[in-house]
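See structure below.
The values are calculated or read from the model by the stated rules, or taken from the named source; none is laboratory data. The structure presented is a predicted model; accordingly, all values stated were derived computationally and were not measured. Note that each Cβ is placed from the backbone with ideal geometry, even for glycine, and that neighbours are counted across all protein chains shown. Note: accessible area is taken over every heavy atom of the protein model, side chains too, but ligands, DNA and RNA are not part of it. Shrake-Rupley method; radii C 1.70, N 1.55, O 1.52, S 1.80 Å.
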Amino acid sequence: MRRSRREFIRTVSAAGSGLVLGFYLPSGCRREHSGEPFAPNAWLRIGSDESVTVLVDRAEMGQGVSTSLPMLLAEELEADWATIRMEFAPAAERRFGNPLLGGWQATGDSTSVRAAFTPLRQAGAAAREVLITAAALTWRVERSECRAERGAIVHAATQRRLTYGALADRAATLPVPRDVPLKARQDWKIVGTRVKRLDTPSKVDGSAVFGIDVQVPGMLVALVARCPVFGGTLSTYDATETMRIPGVRHVARISSGVAVVADGYWPAKRGRDALRTTWHEGPNATLSSAAIATQLAQSATRPGTVARLGGDPARALAGSLKRADATYQLPLLAHATMEPMNCTAYVRADGVDIWAPTQLQAGARGLAARELGAEIGGVPLGRVRVHSTFLGGGFGRRFEGDFVREALETSKAVGVPVKVIWSREDDIQHDFYRPASYHQLRGALDLYGRPTAWTHRVVAPSILRRLFGAESVKDGLDREATAGAVGMPYEIPNVLVDFVEAEIGVPVGYWRSVNDSFNAFAVESFIDELAASSHADPYAFRRGLLSHEPRYLGVLDLAATKAGWGAPIEKGRARGMAVWRAYGSYIAQVAEVSVGRKSGARVDRVICAVDCGQVVNPDTVEAQMQGGIVYGLSAALTGAITIDEGRVQQSNFHDYPILQMKDMPTIEVYAVPSDAAPGGVGELATPPIAPAVCNAIYAATGRRVRTLPIGKVA
């Protein structure tokens, strides 16, 4: 996007309601040329100036979809990559719904490339065929004599060339074919190569527009005072001193608290600081981390709802000569996105505009129409416009609608465009947290050290219940909560996985890799414990139980080979490993860890092997593996949200730290060549890093880490 902030503001001013990001022509339509670009489908338009613009219908939050998705279309279009530009698609669920997320226009569950892999290639192929037809008609030759090549159509016999821009006008008058054959993989020129990201230049020169950069004429800025206790409500407020702060314009009560609206962030913050509020703290006023831990442990004594049952694990455990038992506990975690939560909204009687760094564009649109429509005289969905921006990190937090609702309610209350900005403290203390969880595992081994039984009880709050209601937790089973645990791949004849829901009074939500993040820690730590009980090498033990899983073995063997598993290692270091499957992809990690008496555990090196099927951009895959490892490692080493008197104790990066550059391990990423369908990579690397590190700590010290964060272990 080559658009400066100044140009962005000027465009918004001219358009009145905001950026017009694109339009749609149903596939196969015929129309008379009207001077518009050639736009054969929802994702593409080609201008006579040789511009090739791909509309990206997923949120770009650093994972690279603003490059990967255009690559798919450009490959089949036979475009010149140097001409490709991207814009964010508008909120239009019927056109841009994600088929892997129930048809929502949403970004999550590592689905962006998986969902787009075929449709965007089909879109590019269909456009290519129209351009070939346009050239053949122009030259009055047979279509079979023409081919597409680097943004132009070439006539084979005469080597005449017509660029896509030169053909755009004529192509715009032609019908768009359906079911065009796609290129064979061996003919790919763009997909599978390391192309430079389209969003890098604008992020380097500062012209990329994130949500927090949005400026709208007449806009004010708001901060919201929220109850410090989960579930509490506002009793009274006194804005006398607030209104004396220069720059404060309004104080408005909204559903989440009190919005202080001012000319800018700092007067709004000073005004909020001066606000006097009293809160009804409700039943969670005495909630503490200790009480949550006790509740989870007590819940584990209740019978669970069965998620997987094979064989007779109770009988196998009762009759075994050697058993292993372990419990694992993981804390609440915040998302801590680099860009604090924010949203700009303008609510009017004739429509609503939303500028949001959101993972759920259509959700924001529906929220405005559904929640505000009746109150402001009825706003049809078509009059709600969502202008997507770059996201400074998402990790699942921006799947929520609370920050959008606050902007909508505040703008409605004061009658002007309002940007609601959360401080870092607001963000850490009013999140939808990764659930705290408790895991109870039991295993049995035969005389030869082979596992004969495995049981895993998962105890956690239900994200599905909070988001989608009781009907989503059928018969007491949240199927997402047992993700990865149910899919435990090891060949064990008697297996039971069950789930106990525990309501802990804390709002929970999707966090990068969601429930895989805690189930992987339990599963891959316990398989290591079984290996130790059988006096087996952890790598050999896993291999012996994965003979029926070739893709698991592929990543496991590659990671072990690259790590030099079994070879001597530098004194003071040890290796640990973990392997996992999620989002249609497979991953293995080997962590090399040194443990000092004073310094505790330090992760020196991580070897990551991944099989994500067919790769669109190897650079993106590597970056996501690195980012996922850093995210998971920060959580494993120091991450914990603690509660006292119903309040989050952490507030910023000084007490909720993320890994700093000086603490970074060396990360090596290796991909297994694969012809399988593309899998997800955005969340894949986070689950296995904690167990790999903790297994290495055991190898170094003989001490098991069963409670996260790791902290000091020496």
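General remarks:
- Highest average packing first - 130-138, 289-297, Cβ atoms within 10 Å: 130-138, 289-297
- Most tightly packed first, judged by the mean number of other beta-carbon atoms within 10 Å of their residues, the peptides 76-89, 177-190, 395-408 read 395-408, 76-89, 177-190.
- Amide H contacts of L684 (H built 1.01 Å from N, in plane; Pro and chain starts excluded): no residue 5 or more places away or on another chain comes under 5 Å.
- Inter-label distance, R479 to L309: 1.8 nm, where each label sits 7 Å from its Cα along the C-beta direction.
- Per residue accessible area of the chain, 1.4 Å probe, in Å²: 39 Å²
- Sequence-separation-based contact order of the stretch 97-158, relative, with Cα cut under 8 Å and 6+ spacing, percent: 18 percent
- Bridges between two residues of the chain, per DSSP, are antiparallel at a rate of about 75%.
- Relative frequency of Cα-Cα separations exceeding 25 Å in the stretch 268-414, percent: 58 percent
- Estimated dipole of the chain in Debye, rounded to 20 [Cβ of Lys and Arg +1, of Asp and Glu -1, Cα centre]: 540 debye
- With every protein chain in place, the stretch 440-525: carbon and sulfur % of accessible area (1.4 Å): 52 percent
- Whole-percent carbon and sulfur share, accessible surface of the stretch 654-707, 1.4 Å: 54 percent
- Dividing the Cα radius of gyration of the stretch 494-567 by 2.2 N^0.38 Å, with N the residue count, gives 1.43.
- Normalised by the number of residues in the stretch 330-476, the mean separation of alpha-carbon contacts (under 8 Å, six or more apart) gives a relative contact order of 28 percent.
- Extension gain for A290 to R178 (0.36 nm times residue separation, less C-alpha to C-alpha distance): 34.3 nm.
- Listed peptides 411-418, 679-686 by packing density, highest first (mean Cβ within 10 Å): 679-686, 411-418
- Accessible surface of the stretch 119-219 [probe 1.4 Å, protein heavy atoms]: carbon and sulfur percent: 51 percent
- Cα→Cβ-extended label distance, 7 Å offset, between T701 and K598, nm: 1.7 nm
- Pairs of alpha carbons in the stretch 124-279 whose separation is greater than 29 Å (percent): 56 percent
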